[in-house]
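Working notes for the structure below.
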Amino acid sequence: MSGKARNSFVFVIPVRNPEDDKVSNYQCIETALHETVRSLTRQTWENTHVVVVCHQVPLWSSDYSNQVTFLDVSNLSVFPPNTNPVRVDKGLKYIIGILYAKKNLNPALIMPMDADDYVNINLAKSLIWKNHFNKLSDGYMIKQGLHINLEVTPQYSIEYEAAYQIRNFDHSCGSCRIFKPKPLMRRLKSIDTNITEKFSCWPSKLPNASLKVPEEPVVWLSDRSKSTYHTEDSIVNILGRHINQNAYFKFSSLSLIGAAKGCGHGNHDGPRQGEVHQDKLISDFPIQKFYGEFGVLRNS
């Protein structure tokens, strides 16, 4: 295996059940997801992969088959609509995506992402290099980032209205922590030491870049972890609620303006419903600069 094959950078994105009552318009969610996935495939580190854990494989999935895998959980009994708290739903999906990546993609770093956020196109490349020399931390934290005011149009495209640099960015965005696999797997093994073996058999990707996640290991995961859903130190809750992660992992802070939170499209689950945090504004950020640095293609 070549050095680059070992040094993959993997993004993991959970997507909500389209049938959840709180989903006002799933097509808006899928539009934002499309823009996020497309931007992530423009990382300057070529060995980058995106794992999307979803209930509905998008029609455009095959456009990114070389870099993106859609893990289809639509037939699994563990994810009925309107049942699990958001943190549990997200946490379980992150775990499934992480275990898929660990088995199939040989990650050097894993970044849990929200389905409507963006990262600097040089993030993976800079961290893969930095990671060779940083032996003391469990991963990295993006402390400087942007809020992007955007709108999903009636034609289901995205219009970007403004960008702002935000104070204490890591308190307001779930897409700001990057994990080394070893400390992450140590935490996952708190569920069961055999967790990697339980998730060792995966079907091959279909031509549309998707695969059906097997039922048996996910039911096993749910059964093993269900009793911990009400405890903060459960790895399901730690992954599903980003603000809890600092207490359980040691992160090195990054100086790069590394991530951007998509705000204003109306399908958010946070306490502020995805609005720009006006009380934390530092300054405007040029929208054209955002396009260039975050892999968003626009004609003007």
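The values are calculated or read from the model by the stated rules, or taken from the named source; none is laboratory data. Please read these numbers as outputs of a predicted model, since none were measured by experiment. Neighbour counts are summed over all protein chains in view; Cβ atoms, including those assigned to glycine, are modelled from backbone coordinates with ideal geometry.
Residues considered: SER61, SER65. Of these, the only one that is more than 23 Å from LYS261 (Cβ to Cβ), surrounded by 19 or more Cβ atoms within 10 Å (Cβ to Cβ) and small (Gly, Ala, Ser) is SER61. Taken together, SER253, SER200 contain a single residue that is in contact with a strand residue (DSSP E or B) (Cβ under 6 Å, 6 or more places away or on another chain) and outside any helix (DSSP H, G or I), which is SER253.
Okay, residues lined up against (1) under 25 Å from LEU221 (Cβ atoms); (2) under 14 Å from the mean Cα position of the chain (by Cα); (3) not polar (S, T, N, Q):
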site	(1), (2), (3)
LYS103	yes, no, yes
PRO107	yes, no, yes
ILE110	yes, yes, yes
MET113	yes, yes, yes
ASP117	no, yes, yes
ASN122	no, no, no
ASN134	no, no, no
TYR140	no, no, yes
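Listed by position, the strands (runs of 3 or more DSSP E) contained in region 139-184 that have at least 2 residues being among the small types (Gly, Ala, Ser) are 139-152, 158-166.
Taken as a whole, the structure leaves ILE178 outside the set of residues that are farther than 29 Å from HIS132 by Cα, buried (at least 21 other Cβ atoms within 10 Å of the Cβ) and either of a type in the set (Val, Ile, Thr) or at pLDDT below 95 (or both).
Determine if region 205-219 includes at least one residue that is under 28 Å from GLU275 (Cβ atoms), free of Cβ contacts under 8 Å to residues at least 60 places away in the same chain and surrounded by fewer than 21 Cβ atoms within 10 Å (Cβ to Cβ). Working first, answer last.
Of region 205-219, the ones under 28 Å from GLU275 (Cβ atoms) are none.
For region 205-219, residues under 28 Å from GLU275 (Cβ atoms), free of Cβ contacts under 8 Å to residues at least 60 places away in the same chain and surrounded by fewer than 21 Cβ atoms within 10 Å (Cβ to Cβ): absent.
Residues in region 124-163 that are charged (D, E, K, R), in contact with a helix residue (DSSP H, G or I) (Cβ under 9 Å, 6 or more places away or on another chain) and crowded, with 17+ Cβ neighbours inside 10 Å were compared, and the one that is nearest to GLY264 (Cα to Cα) is LYS143. Can we say PRO214 is more than 19 Å from VAL78 (Cβ to Cβ) and either modelled with pLDDT of 95 or more or of a type outside the set (S, T, N, Q) (or both)? Spelling it out, it is not the case that PRO214 is more than 19 Å from VAL78 (Cβ to Cβ) and either modelled with pLDDT of 95 or more or of a type outside the set (S, T, N, Q) (or both). Cβ-Cβ distances below 9 Å connect the following pairs, each with a first residue in region 227-245 that is touching a residue at least 24 places away in the same chain (Cβ under 8 Å), a second residue that is surrounded by 15 or more Cβ atoms within 10 Å (Cβ to Cβ) and of a type in the set (Asp, Glu), and a separation of six or more residues or different chains: GLY240/ASP89; HIS242/ASP114; HIS242/ASP170; ILE243/ASP170. Contact annotation: residue pairs with Cβ atoms under 6 Å, 6 or more positions apart or on different chains, pairing a residue in region 266-295 that is farther than 30 Å from ASP20 by Cβ and at pLDDT 85 or above with a partner that is assigned to a loop (DSSP other than H, G, I, E, B) and of a type in the set (S, T, N, Q), are GLU293/ASN120. In this entry, LYS4 is excluded by the filter for residues that are outside any helix (DSSP H, G or I) and at pLDDT below 95.
Total residues in region 210-250 satisfying the condition of being acidic (Asp, Glu) and part of a helix (DSSP H, G or I): the figure is 3.
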